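The block underneath contains the structure these notes are about, expressed in structure tokens.
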Amino acid sequence: MAAARKLVELFYDVVSPYSWFGFEVLCRYQHVWNIDLRLRPAFLGGIIHATGNKAPGLLPKRGEYMLKDIERMGKYYQVPIKVSAEHLQRLLGKVPLSLGAMRFLTAIDMTQPQFLEPVSREFWIRFWSQVSILQNQIFVPLSVAAQAGLPSEQAQKLLEMVSSPAVKDRLRATTDDAMKYGVRCFSTI
């Protein structure tokens, strides 16, 4: 008799390289490990603010360690991450900058969940392997969605949804759910 499948919920923010490692490993091995993976876009900036933590990029010693750790883990998990001290400071020192991306992913989860995995992956690639999503913020979600195979008409509708109360409330509720589980920061795996 086969073992019952376990539900694994992954709360993540694309600004977190550690979330990317967990995401790739869980996506890669979900069938081997016999799990049902539920991706839950959450807002790291909200968690950091609610818990009184500081973004890792604002703590010099942690940032210094993270550079080495992220490079090492990228190789180990076979994730194409590229990071420099300046890049780490820019991204992790200003976590609220991922809010637009996380709202976009929430809109996808609400209406086009089959695209959640590939669009999330494309955001991580933009944040951590290519150019920063912070440039031309309005157009980047559309190019990320296109790269992941989401038709442009649907992507445009999703982009229009990001400022809706439904999307904002859903992202806030998911972030609250993460904190109910005890999530305090995404900086460790």
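The values are calculated or read from the model by the stated rules, or taken from the named source; none is laboratory data. Keep in mind that what you see is a predicted model, and the values were worked out from it rather than measured. Don't worry about glycine lacking a Cβ; one is built from the backbone with ideal geometry, like all the others, and counts go over all protein chains shown. The area values use the complete protein model at the heavy-atom level, side chains included, leaving out ligands, DNA and RNA. Shrake-Rupley method; radii C 1.70, N 1.55, O 1.52, S 1.80 Å.
Considering only residues that are among the acidic types (Asp, Glu) and surrounded by fewer than 20 Cβ atoms within 10 Å (Cβ to Cβ), which ones fall in the range 1-27? Result: Glu9, Glu24.
Take the range 139-170 and flag every residue that is of a type in the set (A, V, I, L, M) and open to solvent by 10 Å² or more (accessible area, probe 1.4 Å). Before you say what the answer is, go through the steps one by one.
Just the residues of the range 139-170 that are of a type in the set (A, V, I, L, M), to begin with: 140, 142, 144-146, 148, 150, 155, 158-159, 161-162, 166-167.
Hits for the range 139-170 are Val140, Leu142, Ala146, Ala148, Leu159, Met161, Val162, Ala166.
Looking only at the range 65-84, residues that are under 15 Å from Phe23 (Cβ atoms), open to solvent by less than 30 Å² (accessible area, probe 1.4 Å) and of a type outside the set (A, V, I, L, M) come to 1 in all. Sub-7 Å Cβ pairs linking a first residue in the range 105-131 that is touching a residue at least 60 places away in the same chain (Cβ under 8 Å) and open to solvent by less than 40 Å² (accessible area, probe 1.4 Å) to a second residue that is of a type in the set (S, T, N, Q) and part of a helix (DSSP H, G or I), at least 6 apart or interchain, are Leu105/Ser120, ordered by first then second residue.
Looking only at the range 1-21, count how many residues are outside any strand (DSSP E or B), farther than 12 Å from Ser120 by Cα and either among the hydrophobic types (A, V, I, L, M, F, W, C) or at pLDDT 95 or above (or both). Count: 5.
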